[in-house]
Amino acid sequence: MFMGNNPTLDSLKAHLNSLSKNDIIELVFKYVPADHLRSINNTRLEKNEALLIYDKIKDEIILWFDDIEFIREPYGLENGLAFQLQKLRGMELQILPQLAEFILLMINKVESAFYSGFLDDYIEDYSFQFPEEFENLLSIVFENLPRQQNIDFQIQLNQLLSKCEHSTFNSLMDLIKKHLLIS
């Protein structure tokens, strides 16, 4: 990590080496981002605890699609979805089947919103895009679901996406092609 002859890094390294383990731990807690701490804590959750958090997040997101004012504006949904999905980091492997169902549900909800004329900002010429966090979840599901469940999931996902007409879904189709187990 500390490579080359950089006096600033050498000074920092010397300073860190002079600190006690407890002092370094205090520094980490002082400066580590809260979402990183949450993801570390999430890796230590029991499955039932992870499911409770997941259910709460899923229920909140689903309610957004009933709020017409909220889904009129694509940026709000994108940012809200990204924020909520960050809360799931670290617990993904404990809730893989639920995440697969959630992904299908979100694609359905987004497609329905597009079909109803929402999630497009015609003034700014911008449409909702799935945030990076959603695509990361999709990759995690692809990489970790047991083979037969993964094949079943990919079949469902392909069937669903084949009915989606909006260009927003193109990035998901590209991601599927990278993880394809079915033809």
Revision key, fill the gap. Only one of (1) within 28 Å of Phe70 (Cα to Cα); (2) in a helix (DSSP H, G or I); (3) more than 14 Å from the chain's Cα centre (by Cα) does not apply to Asp152, and that is (1)
Check your understanding: Out of segment 65-108, which residues are over 25 Å from Arg38 (Cα atoms) and of a type in the set (Lys, Arg)?
Key -> Arg72
Review point. Do any residues in segment 158-183 that are closer than 18 Å to Gln129 by Cβ have Cβ atoms under 8 Å from those of residues that are at pLDDT below 85 and loosely packed, with under 15 Cβ neighbours inside 10 Å, where the two are at least six apart or on different chains, and which pairs are they?
Key: Leu161/Met173
Exercise for review: Would you be able to say whether some residue in segment 160-177 is within 25 Å of Leu52 (Cβ to Cβ), among the hydrophobic types (A, V, I, L, M, F, W, C) and either out of contact with any Pro (no Cβ under 8 Å at 6 or more places or on another chain) or not in a helix (DSSP H, G or I) (or both)?
Suggested key: no
Check your understanding: Quick one: in segment 155-165, which of the residues that are more than 20 Å from the chain's Cα centre (by Cα) and farther than 16 Å from Ser139 by Cα is surrounded by the most Cβ atoms within 10 Å (Cβ to Cβ)?
Key -> Cys164
Check your understanding: Counting only residues that are under 12 Å from the mean Cα position of the chain (by Cα), surrounded by fewer than 14 Cβ atoms within 10 Å (Cβ to Cβ) and of a type in the set (Phe, Trp, Tyr), how many does segment 52-106 have?
Key -> 1
Review point. In segment 151-165, is there at least one residue being of a type in the set (A, V, I, L, M, F, W, C) and closer than 30 Å to Leu37 by Cβ?
Key: no
Revision key, fill the gap. If we ask which residues in segment 109-138 are within 29 Å of Ser39 (Cβ to Cβ) and surrounded by fewer than 14 Cβ atoms within 10 Å (Cβ to Cβ), their number turns out to be 1
Point to revise | Residue in segment 1-20 that is out of contact with any strand residue (DSSP E or B) (no Cβ under 8 Å at 6 or more places or on another chain) and closer than 20 Å to Leu137 by Cβ present | key: no
Exercise for review: Would you mind stating whether Phe118 is part of a loop (DSSP other than H, G, I, E, B) and within 13 Å of the chain's Cα centre (by Cα)?
Suggested key: no
Exercise for review: Find all pairs meeting these conditions: Cβ atoms under 6 angstrom apart; at least six residues apart or on different chains; first residue within segment 12-25 and without any contact (Cβ under 8 Å) to a residue 24 or more places away in the chain; second residue outside any helix (DSSP H, G or I) and loosely packed, with under 12 Cβ neighbours inside 10 Å.
Suggested key: Lys13/Phe2
Practice item. Taking Ser116 as the residue in question, decide whether it is closer than 24 Å to Arg72 by Cβ and polar (S, T, N, Q). Key: yes
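The values are calculated or read from the model by the stated rules, or taken from the named source; none is laboratory data. Computed from a predicted model, the values in this text were never measured in an experiment. Don't worry about glycine lacking a Cβ; one is built from the backbone with ideal geometry, like all the others, and counts go over all protein chains shown.
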